[in-house]
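A short write-up of the structure that comes next.
The values are calculated or read from the model by the stated rules, or taken from the named source; none is laboratory data. Nothing here was measured: the structure is a model prediction, and the numbers come from that model. Note: ideal-geometry Cβ built from the backbone for every residue, glycine included; neighbour counts use all protein chains shown.
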């Protein structure tokens, strides 16, 4: 790129943050193991509203604090010692810590004493046994309608319901091939569970997934002697898929019916929702091609199809990910989210499927709904109206479609409301603000700060960081962050690590603490490295066109934008253009390997973790959305198959994989090794036995030390 254009974020103006009085240095173990605990901005534990009230509570150092949401003042508290005094009076065992704390009402709180649930009264300052049966939180896929009294769970791929003090097994065909009551479609389309209680708790809808036609895929357990194969079902792009149906169990009749969803067996059943009166079920039926869905209504008692409310098509793909949201106090209207105008927005419909109005619009995205106010006149939601890297809380009036911003200060706000929507707890941070908790009064729009976290790394020597924009060759603004080395000297030349992901459903650069960066960046800043990240086309919250440009050619446009970032780096006088490295995991591992081989010589060193190498080896649901099938898009699959570029590899490349990876299967990088050997190319390789797609737990420090040392030794 010959011309680099710089445009600063209007709300940041290249703000950099530098701590003072820094003396300590981070070890890699500290940066990794403490990066999300003691060296992360402090959180208020269990911060939440008390049910049906304008009070909130949180735990801190074995003290339970209760605040008034109207002014943020403490109105009550309970210490571990006070609780133990009440227990001793009943000659009961004391507790070592406050756990299982859950408010029954403003005056009573549940807590656990050696897994026995008890109730503490703030009025009498006494304890008593709870009458509830506690459902075991360790039960698989636990789904509670009424805590401890009515709940469902799965065991050996069968569904069980506990109700009226008895346990009922409602499916009996669960097996390796038949899965009941669990998440389906590989957790795509916003699906994260497999059971759905009706609003009145009279019925349970659940998924049934038939995997018998999906190819068995071997996952080796190396920890036993001899090693043992444990097959999983992994539907690869272009192959046979699983078949999903939806069933409803009625508690009063003990009868199960199947929802009669006509169409191809391998279509997707997404966005399950119930009508407020328990009588109807709604499903967004998406075809396997993922370019056409219908929002269908079914009779929950007979399973019969009633009507299609509306349908949506897209020339590339459409991805329904949010179920119907019925308007509070108005069962004849609902809200639907769609990107049909190019950005994700709210649409208000009548129950017959007729569009009443588009509630939100503009070149920004609704990110999540946050429920209604007490009357149902206003809907609260998160969106990025102030800029793609920001997030704020808003409300939209359903009658006028007027939008009001409720949060203050540019940055990232994540808010939760109390039961009637009169107050919100706002968890706020920005690039240079670690964390603040605020209370928002939705009537007055007043914000009260109740907690400010200290800079958790104030005692450490750290580099400065910046959040800014550059333009790609198409003239689009791309958001970037850059971490400078400690004791930065602009007259020196520094090596750079480009840390990336750049795949769909991602956003790495945000206006959050350290611009969304991780603490190991600061460890590398101590070692004299610059760390740079850019969110290119294909990433989230920039609109449909920005994401869909990668359709049928994963890796191509993304590399163009990453190289725009490299051109920017090379324009900086303090960057050593001969010492640029690249690292990413999963999609980032795919991008790392792509850049190392399809643009050889640009990067001196690369570390690719859990990389997709050939998209034919990836799952149907995600892979076919973005690439279509290998049969339909042979050119796209071949062009972006990294096995075809191993002979082009220059520089040092370390590839890492979890031996039990069931997301990006190990075969991807094994085949890359084989092809590298065939082409006489040297490749460094490391495997983590016992780990799946991510290396977690105590071994993560080992992983990050290996990655960092690879750059230190070779860059």
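Figures for the structure shown
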{"quantity": "Exclusive hit being in contact with a helix residue (DSSP H, G or I) (Cβ under 6 Å, 6 or more places away or on another chain), under 28 Å from residue 621 (Cα atoms) and at pLDDT 95 or above, set 534, 486", "calculated": "534"}
{"quantity": "Single match in 134, 119 (criterion: touching a strand residue (DSSP E or B) at 6+ places or on another chain (Cβ under 8 Å) and over 18 Å from residue 64 (Cβ atoms))", "calculated": "134"}
{"quantity": "Residue in region 384-392 that is over 25 Å from residue 320 (Cα atoms) and outside any loop (DSSP other than H, G, I, E, B) present", "calculated": "no"}
{"quantity": "Flag for residue 184 being free of Cβ contacts under 8 Å to residues at least 60 places away in the same chain, buried (at least 17 other Cβ atoms within 10 Å of the Cβ) and touching a strand residue (DSSP E or B) at 6+ places or on another chain (Cβ under 9 Å)", "calculated": "no"}
{"quantity": "Residue 309 vs. criteria surrounded by 15 or more Cβ atoms within 10 Å (Cβ to Cβ) and either at pLDDT 95 or above or in a strand (DSSP E or B) (or both)", "calculated": "yes"}
{"quantity": "Filter result (crowded, with 16+ Cβ neighbours inside 10 Å and part of a loop (DSSP other than H, G, I, E, B)) within region 428-454", "calculated": "431, 432, 442, 453"}
{"quantity": "Given (1) touching a strand residue (DSSP E or B) at 6+ places or on another chain (Cβ under 8 Å); (2) free of Cβ contacts under 8 Å to residues at least 40 places away in the same chain, index of the condition residue 443 fails", "calculated": "(1)"}
{"quantity": "Some residue of region 383-391 being assigned by TED's automatic domain parsing to the domain that holds residue 335, free of Cβ contacts under 8 Å to residues at least 40 places away in the same chain and farther than 20 Å from residue 509 by Cα", "calculated": "no"}
{"quantity": "Any hit, region 323-340, residues being outside the structural domain of residue 553 (by TED's automatic domain parsing), outside any strand (DSSP E or B), farther than 26 Å from residue 377 by Cβ and without any contact (Cβ under 8 Å) to a residue 40 or more places away in the chain", "calculated": "no"}
{"quantity": "Lone unmet requirement of (1) more than 30 Å from residue 313 (Cβ to Cβ); (2) touching a helix residue (DSSP H, G or I) at 6+ places or on another chain (Cβ under 9 Å); (3) at pLDDT 95 or above for residue 689", "calculated": "(2)"}
{"quantity": "Selected residue (criterion: surrounded by the most Cβ atoms within 10 Å (Cβ to Cβ)) from residues of region 569-583 that are within 20 Å of residue 607 (Cβ to Cβ) and under 34 Å from the mean Cα position of the chain (by Cα)", "calculated": "582"}
{"quantity": "Residues being touching a strand residue (DSSP E or B) at 6+ places or on another chain (Cβ under 8 Å) and surrounded by 24 or more Cβ atoms within 10 Å (Cβ to Cβ) - total across region 515-530", "calculated": "7"}
{"quantity": "Of the criteria (1) part of a loop (DSSP other than H, G, I, E, B); (2) surrounded by 14 or more Cβ atoms within 10 Å (Cβ to Cβ); (3) under 24 Å from the mean Cα position of the chain (by Cα), which one residue 301 fails", "calculated": "(3)"}
{"quantity": "Residue among 425, 457 that is part of a loop (DSSP other than H, G, I, E, B) and in contact (Cβ under 8 Å) with a residue 40 or more places away in the chain", "calculated": "457"}
{"quantity": "Residue list for region 224-262, filter: in contact with a strand residue (DSSP E or B) (Cβ under 6 Å, 6 or more places away or on another chain), assigned to a loop (DSSP other than H, G, I, E, B) and more than 21 Å from residue 181 (Cβ to Cβ)", "calculated": "227"}
{"quantity": "Selected residue (criterion: farthest from the chain's Cα centre (by Cα)) from residues of region 410-420 that are under 18 Å from residue 367 (Cβ atoms) and part of a loop (DSSP other than H, G, I, E, B)", "calculated": "410"}
{"quantity": "Tally, over region 608-636, of residues that are in a helix (DSSP H, G or I), in contact with a helix residue (DSSP H, G or I) (Cβ under 6 Å, 6 or more places away or on another chain) and surrounded by 21 or more Cβ atoms within 10 Å (Cβ to Cβ)", "calculated": "4"}
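Here's the yes/no breakdown for (1) under 30 Å from residue 211 (Cα atoms); (2) free of Cβ contacts under 8 Å to residues at least 60 places away in the same chain; (3) in contact with a helix residue (DSSP H, G or I) (Cβ under 8 Å, 6 or more places away or on another chain); (4) not in a loop (DSSP other than H, G, I, E, B):
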{"residue": "105", "(1), (2), (3), (4)": "no, yes, no, no"}
{"residue": "110", "(1), (2), (3), (4)": "no, yes, no, yes"}
{"residue": "117", "(1), (2), (3), (4)": "no, yes, no, yes"}
{"residue": "123", "(1), (2), (3), (4)": "no, yes, no, no"}
{"residue": "133", "(1), (2), (3), (4)": "no, yes, no, no"}
{"residue": "136", "(1), (2), (3), (4)": "yes, yes, no, no"}
{"residue": "145", "(1), (2), (3), (4)": "yes, yes, no, yes"}
{"residue": "153", "(1), (2), (3), (4)": "yes, yes, no, yes"}
{"residue": "173", "(1), (2), (3), (4)": "yes, yes, no, no"}
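Here is a yes/no grid of residues against (1) at pLDDT 95 or above; (2) within 20 Å of residue 166 (Cβ to Cβ):
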position: 104; (1), (2): no, no
position: 120; (1), (2): yes, no
position: 140; (1), (2): no, yes
position: 154; (1), (2): yes, yes
